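Asker: My questions will all concern the structure given below.
The values are calculated or read from the model by the stated rules, or taken from the named source; none is laboratory data. Since this is a predicted model, take the numbers as computed values, not measurements. Cβ coordinates were reconstructed from backbone atoms using ideal geometry, including for glycine residues, and neighbour counts include every protein chain displayed. The protein model used for the area step is the full one, side chains on, heavy atoms only, and it has no ligands, DNA or RNA in it. Shrake-Rupley method; radii C 1.70, N 1.55, O 1.52, S 1.80 Å.
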Amino acid sequence: MSMEIIHKKEQKQFEARENGEILGHMTYTWIGDDKFIIDHTVVEIPAEGKGVGKSLVMAGVDFARKNKMKIISLFRSATSIIEKK
C-alpha cells in the first residue's frame with residue numbers, strides 16, 4: 001500500500017490517501033498552544049486492517065515531536081501506539 005498522509009491544518013485533521021482515494025482521517029482539537037487531543041479516527045472499510053489508523057496516529061506523533069507539543073489521546077488504541085513510539 002502506497003499511502004500518503006496529508007496534514008490539513010485548517011480542518012485540524014490528518015488524512016490518509018492512496019491513488020487519490022481517502023482511506024481514513026484523524027481529527028484533533030487544540031488545548032492551548034502546545035497540546036492537542038486526538039479525538040476521532042476513521043478508517044474506511046476497504047482500508048481496514050492495513051495500518052491506516054496507526055499511520056494517522058504516527059503522523060500526529062511526528063507533528064507533535066517536531067513542534068515540541070504534547071498529545072492527549074481519548075482512545076486506548078491511539079494511546080497504545082503513542083506509548084510504543
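Asker: At a 1.4 Å probe radius, which order do Glu83, Glu10 fall into by accessible area, largest first? Numbers along the way, then the final one.
Answerer: On the way: Glu83 145, Glu10 175 Å².
Putting Glu83, Glu10 in descending order of accessible area: Glu10, Glu83.
Asker: Of the accessible area of the chain, with the probe set at 1.4 angstrom, what percent is carbon plus sulfur?
Answerer: On the way: 2680 of 5590 Å².
After summing per-atom areas, the C and S share lands at 48 percent.
Asker: Counting only the heavy atoms of the protein chains, how much of Glu48 is accessible to a 1.4 Å probe, in Å² to the nearest 10?
Answerer: Accessible surface of Glu48 is approximately 110 Å².
Asker: How big is the charge dipole of the chain about its Cα centre, in debye rounded to the nearest 20, if each Lys and Arg gets +1 on its Cβ and each Asp and Glu gets -1 on its Cβ?
Answerer: Values: 14 positive and 12 negative charges, 88 e Å.
Approximately 420 debye in magnitude.
Asker: Accessible area per residue of the chain at 1.4 Å probe, in Å²?
Answerer: Details: 5590 Å² over 85 residues.
Result: 66 Å² per residue.
Asker: Per-residue HN-Hα couplings for segment 35-52, Karplus 6.51 cos²θ - 1.76 cosθ + 1.60 at θ = phi - 60°, whole Hz, x for Gly and Pro?
Answerer: 9, 9, 9, 7, 10, 6, 9, 10, 10, 5, 3, x, 9, 4, x, 10, x, 5
Asker: Looking at the square roots a ≥ b ≥ c of the eigenvalues of the Cα gyration tensor of the chain, which shape do they give, rounded for a/c under 1.5, prolate if a/b is larger than b/c, or oblate? Walk me through the intermediate numbers first.
Answerer: Numbers: a/c = 1.88, a/b = 1.51, b/c = 1.25.
It comes out prolate by the Cα gyration axes.
Asker: Ok, one more. Taking a cut-off of 19 Å between Cα atoms, list the aspartates and glutamates near Lys9, but don't count ones fewer than 8 places away on the same chain.
Answerer: The qualifying aspartates and glutamates are Asp33, Asp34, Asp39, Asp62.
Asker: Separate question: How high is the relative contact order of the chain, in percent, counting Cα pairs under 8 Å that sit 6 or more residues apart?
Answerer: On the way: 133 pairs, mean separation 20.2, N = 85.
Across the chain, relative contact order equals 24 percent.
Asker: Ordering Val61, Val42 by accessible area with a probe of 1.4 Å, largest first, what comes out? Provide the component values of the computation, followed by the final result.
Answerer: Working: Val61 5, Val42 40 Å².
Largest accessible area first, the list is Val42, Val61.
Asker: I would also like to ask the following. Go through Met69, Ile6, Trp30 and say which Cα lies farthest out towards the positive end of the charge dipole of the chain; charges sit on Cβ, +1 for Lys and Arg, -1 for Asp and Glu.
Answerer: Result: Met69.
Asker: Could you give the length gained on full extension between Glu83 and Glu48, defined as 0.36 nm per residue of separation minus the Cα-Cα distance, in nm? Working shown, then result.
Answerer: Details: separation 35, 0.36 × 35 = 12.60 nm, distance 2.20 nm.
Additional length available on full extension: 10.4 nm.
Asker: When the chain is modelled as a GNM with alpha-carbon springs shorter than 10 Å, which of Leu56, Leu74, Leu23 fluctuates the most?
Answerer: Result for the chain, Cα springs under 10 Å: Leu74 fluctuates most.
Asker: How much net charge surrounds Glu4 when only other residues with a Cβ under 11 Å from its Cβ are counted (Lys, Arg +1; Asp, Glu -1)? Intermediate results must be reported in sequence, preceding the final value.
Answerer: On the way: positive: Arg17; negative: Glu15, Glu18, Glu21.
Result for the neighbourhood of Glu4: -2.
Asker: How much mean residue ellipticity at 222 nm does the chain get from its helices, if each DSSP H run of length 4 or more adds -39500 (n - 2.57) and you divide by all residues, to the nearest 500 deg cm²/dmol?
Answerer: On the way: 2 runs with 24 residues, N = 85.
My calculation for the chain gives -9000 deg cm²/dmol from helical runs alone.
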